[in-house]
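The values are calculated or read from the model by the stated rules, or taken from the named source; none is laboratory data. The structure presented is a predicted model; accordingly, all values stated were derived computationally and were not measured. Here the Cβ positions follow ideal geometry from the backbone for every residue, glycine too, while neighbour counts run over all protein chains shown.
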Amino acid sequence: MPPAAAAVASIVPGLGHLLLGQIRRGLLILGSFASIALMADWRVHIIAPDRASELQTWQDALARRPLFVLLVLVATIVAWALVALDARSNARKVATPRKAAAGGPADRRHLGIFAVILGIFFVLGWQISEIDPIQMVRDLPDAWPPLAKVLWPWKAAVTRDTQALSAAQRIAVPCGEQDPPAPEPRVAGKPWLDVSPRCGELSRMDEKYQLVPGTLLTVKGQGFRPDTDTEIWWIDPLENSFRMRKEGQYLLQETDSSGAFELTVNMPYAMVPQQAGKQDIHRIEARQISTVGGLKPSEPLRIVVSRMVETIVMGMMATLFGIVLSIPVSFLASRNLMSHSPVTLAIYYLTRFVLNVVRAIEPLIWALIAVVWVGLGPFAGIIALTVHSVASLGKLYSEAIEGIDPGPIEAIQATGATRLQTIAYAVVPQMIPPFVSFSIYRWDINVRMSTVIGLVGGGGVGFILVQYIRLLDYRSAGIAVWFIAFTVAVLDYVSSEIRQRFV
């Protein structure tokens, strides 16, 4: 083919190479350009949807995302030109064959073509995945508070016992013909609360949905701890309690040196509808919460430790079951052991196919299936990890068997040994080092994966981690994250020690 004709044929990218007989390169170039065209057109239609024509769609996309569209178009044209030049150069070499020097202009041109194609895919991937470093930097101040709690969560790892000191008074709603409730009697050595008036109206919404403040109460407290913050709570007749607010802020009153305080606050908005003609009794309460005793592990810390132990045991049990079940499977998936007859070869292909299918399904999916099967809990996680471990270890073990030295096998067979004796004395001794290495590595993977499958109810620390995140309890979530990292680091050290001893 004339070089010019090869270059012109490259108007369809890769066609020139195909006509020159360079099938693999031509198909790779053609497939790359087809993928770029489809991805770019799909993304452009997302940027500028519902346009009358394709040209208007691209024009609108260029106006909205000029850098992205221009980069893709210019890089595609450059790659197209390089493909045409490469086809022309290859046609010349076919016409006048000579040995090309390694690293010469042709090699550099090939690298340039695929470097530009990879660059186009990078630009498309950047746009499709909506990477926005500017937003990441801009929103960092908003993300930092929860992130800081995750990075340093130990404030929530310990706690102290609390002691409550409180006093309350009853308030009638509304004021009526009946006398308001009598004040609670004052007891020596106990805190006491005085409220005036002892009846009134709750806050409400008028016809324009504007808040009408309730009766203004004067609250006086005595006998509390001095110089201590005091919370003010409201309890309705149904025992619903909530902290009272003033000007949008929670009421937190500090007592003076004698343990007394005084404040004014409007009666809150009604949480339950008021029955006409009926007088309800509400309560206002002042509470002081103080810590007593020494530090002790918090409930999140105890839960995370117990779940972490459960996670390690899940990984260990799944690895153990996976090893036991994958060893016989690995022999069936080894071509050098199963290629002696059509029957065994068919078993080999079937085993490899099943292993590939099982391994292609992520443990997270197996965990969902196991949860439906046996319910929530670590047993479902063990089933999911075991199934995936059998497929993965079966493949690794079989490849280790296929890579063994055939010399010992031939020597054992020359003595008249049976097939089982050949495996026992020639195959198994060569398998032990890679088997140990692969098994330890799989244990490490299973421990890490058990934290993930817990997200779908497979037990372990992942289950409690996702609960903490959903409750926005970032400190407790941070404790779980730290324990996961620490456990994986320890297991890595243990596995390296075991590997040094046996491998």
Tally of residues being farther than 17 Å from Ile281 by Cα, touching a residue at least 60 places away in the same chain (Cβ under 8 Å) and in a strand (DSSP E or B) across region 220-243: 1
Where Leu71 falls short, out of the listed (1) in contact (Cβ under 8 Å) with a residue 60 or more places away in the chain; (2) surrounded by 15 or more Cβ atoms within 10 Å (Cβ to Cβ); (3) not hydroxyl-bearing (Ser, Thr, Tyr): (1)
Close pairs from region 183-212: first within 18 Å of Thr255 (Cα to Cα), partner among the polar types (S, T, N, Q), Cβ under 6 Å, at least 6 apart: Trp192/Gln222; Leu193/Gln169; Val195/Gln169
Some residue of region 393-412 being within 26 Å of the chain's Cα centre (by Cα), surrounded by 19 or more Cβ atoms within 10 Å (Cβ to Cβ) and modelled with pLDDT of 80 or more: yes
Any hit, region 453-468, residues being exposed (fewer than 13 other Cβ atoms within 10 Å of the Cβ), in the same structural domain as Ala333 (by TED's automatic domain parsing) and either in contact with a Phe, Trp or Tyr (Cβ under 6 Å, 6 or more places away or on another chain) or of a type in the set (A, V, I, L, M) (or both): no
Looking only at region 1-51, and only at residues there that are of a type in the set (Ser, Thr, Tyr) and not in a loop (DSSP other than H, G, I, E, B), the one that is surrounded by the fewest Cβ atoms within 10 Å (Cβ to Cβ): Ser35
Qualifying positions in region 126-153 - in a helix (DSSP H, G or I) and surrounded by 12 or more Cβ atoms within 10 Å (Cβ to Cβ): Trp126, Gln127, Ile128, Pro146, Leu147, Ala148, Lys149, Val150, Leu151
Residues of region 463-497 satisfying the condition of being hydroxyl-bearing (Ser, Thr, Tyr) and touching a residue at least 40 places away in the same chain (Cβ under 8 Å): Tyr468, Tyr474, Ser476, Thr487, Ser495
Residues being farther than 15 Å from Arg245 by Cα, out of contact with any Lys or Arg (no Cβ under 8 Å at 6 or more places or on another chain) and in a loop (DSSP other than H, G, I, E, B) - total across region 193-219: 8
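Going residue by residue through region 351-363, is there one that turns out to be under 30 Å from Ala477 (Cα atoms), in the same structural domain as Tyr474 (by TED's automatic domain parsing), modelled with pLDDT under 90 and surrounded by 15 or more Cβ atoms within 10 Å (Cβ to Cβ)?
The answer is yes, given that some residue of region 351-363 is under 30 Å from Ala477 (Cα atoms), in the same structural domain as Tyr474 (by TED's automatic domain parsing), modelled with pLDDT under 90 and surrounded by 15 or more Cβ atoms within 10 Å (Cβ to Cβ).
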Matching residues, region 25-71, being modelled with pLDDT of 90 or more and under 22 Å from Ala7 (Cα atoms): Gly26, Leu27, Leu28, Ile29, Leu30, Gly31, Ser32, Phe33, Ala34, Ser35, Ile36, Ala37
Ala164 vs. criteria under 30 Å from Trp233 (Cα atoms), assigned to a strand (DSSP E or B) and in contact with a Leu (Cβ under 8 Å, 6 or more places away or on another chain): no
Members of region 253-292 that are part of a strand (DSSP E or B), more than 38 Å from the chain's Cα centre (by Cα), at pLDDT below 85 and loosely packed, with under 12 Cβ neighbours inside 10 Å: Val292
Output for region 162-201, where each listed residue is of a type in the set (Asp, Glu) and touching a Ser or Thr at 6+ places or on another chain (Cβ under 7 Å): Glu201
